[in-house]
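The values are calculated or read from the model by the stated rules, or taken from the named source; none is laboratory data. In this text, all values refer to a predicted model and were calculated from it rather than measured experimentally. Positions of Cβ are generated from backbone atoms using ideal geometry, with glycine treated the same way; all protein chains shown enter the neighbour counts. Surface areas here come from the heavy atoms of the whole protein model, side chains and all, with no ligands, DNA or RNA. Shrake-Rupley method; radii C 1.70, N 1.55, O 1.52, S 1.80 Å.
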Amino acid sequence: MSAMRATQTRRLPGFGLTLGFTLFYVTLMIVIPIAALLFKASSISMQELVETFKTPRVQASLRLTFGASLLAATINTLFGFIVAWTLVRYRFVGRRLIDSLIDLPFAMPTAVSGIALMAIYAPTGIVGKQFLAWGIKTAISPLGVLIALIFIGFPFAVRTMQPAIEELELEAEQASASLGASRFQTFLRVTVPSLIPAALTGFTLALARALGEYGSVIFIAGNLPMRTEIASLLIVSRLDENDIVGACAIAVVMLAATFVLLLAIQGIQWRIERKTGRN
Amino acid sequence: MSVEVQHVSKTFGSYKAIEDVSLKVHSGELVALLGPSGSGKTTLLRMIAGLEVPDPPANQDEGKILFFDQDVATRSVSERQVGFVFQHYALFKHMSVFENIAFGLRVRPRSQRLPKAQIDQRVKELLQLIQLEGFGNRFPLQLSGGQRQRVALARALAIEPKVLLLDEPFGALDAKVRQKLREWLRRLHEQVHTTTILVTHDQEEALEVADRVVVMNHAKIEQIGTPEEVFHNPASEFVIDFLGSVNVFSGRHVEPSSEAKTDGAKIYVRPHELQISKESLGSASISAQIQRIQRAGTSAKVFVHTNKEQNVRVDVPIHEFQFMDLEIHQQVFITPLQSHVFSPDYTI
């Protein structure tokens, strides 16, 4: 067995070198910064950590951050699917233009996005004015946070589902039709399930982006403590107040929660892949 | 369930895929559509299935597709009750083998749907039929190509289709598996007797499996007949050329009945219709030199070069070959025992 392994390694050269580089790079860029954070946080006693977590202001900010991010990622996955489907399956005038517009939120500096969103959704903005007339505040409200998170996460959902839709087997749909399925049944039973892995990936990326978002949210959110203050902003204000321990405590909670969430989604994907024999 | 196609055409842009084709497949028959790629055989099959729409007919008698004398040309694929099997299986990868086979039964309208226990029973029977009992919980990607194609066939059979349509079903498999599945398909057909149309470019497959063979070329049907008929009495140069190897001689052909003569006619002789001998057997014999001998197989393939600068292949049954002691570079004579001549008009 070990002999076989050795010959296999030799047959595809460069394994030692590339693995070494991968480990070095991952350590330098990801493990060390996280370790530093944990090291800093380790000076906090467990009690202090619990105390920080128990503060209503911290709890409210975490709830807003995770709640709005999950909701934004869900909305992005649903609407991203429709947009990706339209772009792949139909040919129409302006398709290329729309296709290139999708990347814009991704490429724009987040502060620019924030100002742009503020200009539209503020009580004096074009859209904000309309909604205000109906009694809905699109800025300086949790809704504003949600809007910003949808804006910046959208490209991730579309771009991960596009190739999956392109690769859908047309013949599987034809087979479904020949077996007597209606178009809707084919869509629901054949098309959608084949896209679940890609949709999950898109969801994860949009979620990860939303959880860490800062620049585009802070203008539109208004940052009212307890109401529209996201966790990232709270960390920054703790640092401004020179409360490094408090900042670290929030950061550790964020890190742990994010890690668990991503691991859970990855777990679902692994299960799907293992079950259907994709790896 | 008989299937009939009447004067059907199909064009893609300016490309004619099918040109005024008519065909009748009898109830319970297994018919093979045989032809090279681009001959239109798959298009014809897909039109029968309803996956492709024929060109709008010029008059009432054209463009008809009849299932048991009922015109289904306007019905969609989901209404035609056909079992369609694709070359690349087109299985639902996210469903288990069991769910794949049950699919057609599960999507029926509530009023026609079988109770769950009956669906389970039917799927179990089909798994038995395709010899994959115990594979119900596997997923398509965990199966071999041959197994996948059998699952695709069971899935198509589950809905008790009026017609079974197979589009190059064994095309993506290796030779050994093809051979096995071919024999299995023939046995299966004898069991279930569903009217079946099979598309293939493999003449051996068509001749071995089908009750009748439809040879297609350039969007048209060249010949329809039993495997014997198309092989031994080919109707055209194309058919004889496509069904196995053939040697082409040019020369004078004398029609035995009328003494009519054709100069420069093309004479087609299959490798097994030539006799090889050390001495001339008469005026029909041609002198030649042996270039190469290939002994593997049930007959030895002897490649000779004639004195008319032609390369010819002669097949000699291996048990005869053993007593002939032929060698490379030896001078021999080849004599056609049988030949085929295609001339639209004989000149006198």
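Observations
- Sequence-distant residues sharing a close amide H with B:Lys10 (under 5 Å, placed H): B:Ala17, B:Ile18, B:Glu19, B:Asp20, B:Asp55
- Counting every pair of alpha carbons in segment B:162-307, the share spaced more than 24 Å apart comes to 50 percent.
- Relative contact order [Cα under 8 Å, 6+ residues apart], segment B:111-239, whole percent: 16 percent
- Placed amide H near B:Gly83: partners under 5 Å, 5+ positions off or other chain: B:Lys162, B:Val163, B:Leu164, B:Leu165
- Ligands, DNA and RNA excluded, the heavy atoms of B:Asp241 present near 100 Å² of accessible surface to a 1.4 Å solvent probe.
- Solvent-accessible area buried by A and B, counting both chains, probe 1.4 angstrom, square angstrom: 2000 Å²
- Across A:Thr52, A:Thr27, A:Thr138, mean-square fluctuation computed from a Gaussian network of chain A (C-alpha pairs under 10 Å connected) peaks at A:Thr27.
- Which of A:Phe106, B:Phe135 is most accessible, then next, and so on - probe 1.4 Å: A:Phe106, B:Phe135
- Binned Cα-Cα distance frequencies in segment B:3-242 - 5 Å width, integer %: 1, 6, 14, 17, 19, 16, 12, 8, 4, 2, 0, 0
- Distance (nanometres) between label positions extended 7 Å along Cα→Cβ at B:Asn307 and A:Met29: 8.0 nm
- Residue among A:Gly125, A:Gly114, A:Gly16 with the largest mean-square fluctuation in a Gaussian network model of chain A, springs linking Cα atoms under 10 Å: A:Gly16
- Span-like helix criteria (full DSSP H runs; alpha carbon extent of at least 24 Å along the helix axis; mean Kyte-Doolittle hydropathy of at least -1.0) are satisfied in chain A by A:56-89, A:142-166, A:192-212, A:244-276.
- Both the radius of gyration and Dmax for segment B:94-142 are 11.1, 35 Å, in that order, over alpha-carbon atoms.
- Ratio of Rg to Rh over the protein assembly as shown (Cα coordinates, Kirkwood Rh, two decimals): 1.15
- Pairs beyond 26 Å (Cα-Cα), from B:Lys10/B:Lys93; B:Lys124/B:Lys180; B:Lys116/B:Lys162; B:Lys278/B:Lys308; B:Lys41/B:Lys301: B:Lys10/B:Lys93; B:Lys41/B:Lys301
- Between the amide H of B:Ala219 and those of B:Gly40, distances stay under 5 Å, these residues lying 5 or more places away or on another chain, with hydrogens modeled in the peptide plane.
- Applying the Karplus relation 6.51 cos²θ - 1.76 cosθ + 1.60 with θ = phi - 60° to segment B:71-87 yields 3J(HN,Hα) values of 6, 10, 4, 8, 7, 7, 4, 6, 9, 8, 6, 10, x, 10, 10, 8, 4 Hz, where x marks Gly and Pro.
- The Cα-based radius of gyration and maximum Cα-Cα distance (Dmax) for segment B:274-335 are 10.7, 32 Å.
- Computed over the alpha carbons of segment A:130-279, Rg followed by Dmax gives 20.8, 68 Å.
- Computed P(r) (all Cα pairs; chain A; 5 Å bins; percent): 1, 5, 9, 11, 13, 14, 12, 11, 9, 7, 4, 2, 1, 0, 0, 0
- Summed over qualifying helices (DSSP H, 4 residues or more, each -39500 (n - 2.57)) and divided by its residue number, the protein assembly as shown shows a 222 nm mean residue ellipticity of -15000 deg cm²/dmol.
- For chain A, relative contact order (Cα pairs under 8 Å, six or more residues apart, normalised by length) works out to 28 percent.
- Ellipsoid equivalent to segment A:133-185 - semi-axes via the Cα gyration tensor, in Å: 40, 17, 5
- Accessible surface of the protein assembly as shown [probe 1.4 Å, protein heavy atoms]: carbon and sulfur percent: 59 percent
- With protein chains left intact and a 1.4 Å probe, residues in segment A:53-276 average 50 Å² of accessible area per residue.
- Computed over protein heavy atoms with a 1.4 angstrom probe, the accessible surface ordering of A:Lys137, B:Lys116, largest first, is B:Lys116, A:Lys137.
- Most mobile listed residue (A:Leu87, A:Leu188, A:Leu12) in chain A, GNM with C-alpha springs under 10 Å: A:Leu12
- Only protein heavy atoms count here; under a 1.4 Å probe, B:Val192 has an accessible surface of about 60 Å².
- Relative contact order of chain B, pairs being alpha-carbon contacts under 8 Å that are 6 or more residues apart, as %: 17 percent
- Our note on the geometry: Cα centres of segment A:221-237 and segment A:155-184, 42 Å apart.
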